[in-house]
Amino acid sequence: MTIDVARFRGRFAPSPSGPLHFGSLVAAVGSYLQAKSQAGEWLLRIEDIDTSRVQPGAADHILRTLEQFGLYWDQTETYQTQRLALYQSYFDQLRQQQKIYGCDCNRARIQSLGGYYDQHCQLRDLHNEPLAWRLIPGQVADTFDDLVFGDVKIPAAICQEHYSIKRRDGLFAYQLVVVIDDLQQQIGQVIRGADLLEMTTRQQALCALFGQQAPSYGHLPLAVTAPGQKLSKQNHAADISNQPLSASLQAALTFLGHPPPADVCGAPVIEILQWAVANWQLSLVPKTTEVQLSSLPGSACPR
Ligand code: GLU
Ligand code: ZN
């Protein structure tokens, strides 16, 4: 049955807004190890749906960097910008089912509401584009069982919001396409950064609206420079391009609660990865949403 093949299939889904940095390496390594330690496939999806944030050349750079680390993906990598017809068919389905409505509210109005949309346009029956399209999300649970954190509680405002699945500029929203891709690629376990923790029950509910079973979700701590500050390209600590590959990989593994022992430390990345596949346990990953990079254990080998 397909579900068995997909049970441990994972994926890494970087947005090509810049080169792979330490934070994205952590997500790549964690998702790779969770899949490979269970003999699952690991797919690569370039999340280039938001074309305004795409940096030319970044996707290729990410592919080459993953290869340098020995993080080889299964199947051919996919690009969201090549799957617009698929997304459109799911969008049309939601529209036929009257689960979405057009909205012409501007950003300033939504900001004045405190960031969460108030359903202002639900009964206005707007049809003249440009419009954002918002989902009536149905029952969104306020808790879920995370593979890393266990029981996680989600703020009610996030569960109840009629969020946008297609933007006013015509681009499909991340929130829609990530769910379609995870379903269509039969991903069994989504392992990703904790910045998406609170989006999980929305995504589970959207899977249910499409009549399909959601994958399991597990979230990895996020490398930050200060509370709430994700690593950016400008951040030197995040830049892995000037470090030996084995040092970056060791630092990522240490970050994920798996410091390599002295006898694999400093070895070629392929050997370090082999050790990690054999020793990976999701239960060793720190159950914390953020780790400040300055407090990171270094990549130096134990003596
Ligand atoms: N593309 C997202 C990012 O780079 C990840 C989405 C996901 O893993 O669900 O942050
Ligand atoms: Zn509106």
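We did not get these values from a lab; they are worked out from the coordinates using the rules stated. Everything numeric in this text was worked out from a predicted model, so none of it was measured. Positions of Cβ are backbone-derived with ideal geometry, glycine not excepted, and every protein chain shown enters the neighbour counts.
How much length, in nm to one decimal, is gained on full extension between residue 292 and residue 51, taken as 0.36 nm per residue of separation minus their Cα-Cα distance?
83.8 nm
Within 10 Å, count the other beta carbons around each residue, average over each peptide in 109-116, 36-43, and list them highest first.
For the peptides 109-116, 36-43, the packing ranking is 36-43, 109-116.
Which residues in region 216-232 place their backbone N less than 14 Å from a point set 7 Å from the Cα of residue 147 along the Cα-to-Cβ direction?
Output list for this probe position: 216-221.
If you wrap a convex hull around the C-alpha atoms of region 116-266 and split its volume per residue, what is the figure in Å³?
Per residue, the Cα convex hull of region 116-266 comes to 167 Å³.
Taking Cα atoms, how many degrees apart are the long axis of helix 269-279 and the longest axis of the chain, rounded to 10 and kept between 0 and 90?
The angle comes out near 70 degrees.
Using θ = phi - 60° and the Karplus relation 6.51 cos²θ - 1.76 cosθ + 1.60, list the HN-Hα couplings for region 8-24 in order, rounded to whole Hz, with x at every Gly or Pro.
10, 6, x, 7, 10, 10, x, 8, x, 9, x, x, 5, 10, 4, x, 6
At a 10 Å Cβ-Cβ cut-off, how would you order 126, 249, fewest neighbours first?
Details: 126 13, 249 26.
By the 10 Å Cβ count, ascending, the order reads 126, 249.
Amide H neighbours of residue 231 under 5 Å, counting only residues 5+ apart in sequence or on other chains, H built in-plane at 1.01 Å?
So residue 231 has HN proximity to 225.
Can you give me the angle between helix 84-96 and the longest principal axis of the chain, using Cα atoms only, in degrees from 0 to 90, rounded to the nearest 10?
The two axes meet at around 40 degrees.
Enumerate the amide H contacts of residue 289 below 5 Å, restricted to partners 5 or more residues apart or on another chain; note that Pro and chain-start residues carry no placed amide H.
none
At 4 °C and 1.567 mPa s, what whole-number value in µm²/s does Stokes-Einstein give for the translational diffusion of region 1-58, with Rh from the Kirkwood sum over Cα pairs?
104 µm²/s
Give the calculated FRET efficiency between residue 241 and residue 129 to the nearest 0.05, with a Förster radius of 41 Å applied to their Cβ-Cβ distance. Write down the numbers at each step before the final one.
Values: r = 42 Å, r/R0 = 1.03.
It comes out at approximately 0.45.
If we count every other residue with Cβ under 12 angstrom of residue 101's Cβ, Lys/Arg +1 and Asp/Glu -1, where does the sum land?
Net charge in that neighbourhood comes out at +3.
Hey, what's the Cα Rg ratio for the chain versus the globular rule of thumb, 2.2 N^0.38 Å?
1.03
Given points 7 Å out from each Cα along the Cα-Cβ axis, report the residue 72 to residue 160 separation in nanometres with one decimal.
My value for the distance between the label points is 5.2 nm.
Using amide H atoms built in the peptide plane, which far-off residues or other-chain residues are under 5 Å from residue 220 H to H?
Correct list: 192, 193, 194.
Between residue 198 and residue 38, how many nm apart are label points set 7 Å from Cα along the C-beta direction?
2.7 nm
Quick one: Kirkwood hydrodynamic radius for region 1-99, alpha-carbon pairs, angstrom, one decimal? Could you put the intermediate results ahead of the total?
Numbers: mean 1/r = 0.0673 Å⁻¹.
Here the Kirkwood hydrodynamic radius works out to 14.9 Å.
Multiply the residue gap between residue 106 and residue 120 by 0.36 nm, knock off their C-alpha separation, and tell me the result in nm, one decimal place.
Working: separation 14, 0.36 × 14 = 5.04 nm, distance 1.15 nm.
My answer for the length gained is 3.9 nm.
Give me a comma-separated list of calculated 3J(HN,Hα) values for region 151-159, in order, Karplus coefficients 6.51, -1.76, 1.60 applied at θ = phi - 60°, integers in Hz, x for any Gly or Pro.
Per-residue couplings from phi come out as 5, 10, 9, 10, x, 4, 4, 6, 5 Hz.
Taking only Cα atoms, what is the 0 to 90° angle, nearest 10, from helix 200-209's long axis to the longest principal axis of the chain?
It works out to around 50 degrees.
Count of lysine pairs in the chain with Cα atoms under 28 Å apart, counting only pairs 8 or more residues apart in sequence or on different chains?
So the count works out to 11.
Hey, rough spin-label estimate for residue 229 and residue 82, points 7 angstrom out along Cα→Cβ, what's it come to in nanometres?
Spacing of the two 7 Å Cα→Cβ label points: 3.8 nm.
May I ask which residue of 199, 21, 270 lies farthest towards the positive end of the charge dipole of the chain, with charges of +1 (Lys, Arg) and -1 (Asp, Glu) on Cβ and the Cα centre as origin?
Result: 199, furthest along the dipole toward the positive end.
Helix-derived [θ] at 222 nm for the chain: sum -39500 (n - 2.57) over DSSP H runs of at least 4, divide by residue count, nearest 500?
After summing the helix terms and dividing by residue count, I get -9500 deg cm²/dmol.
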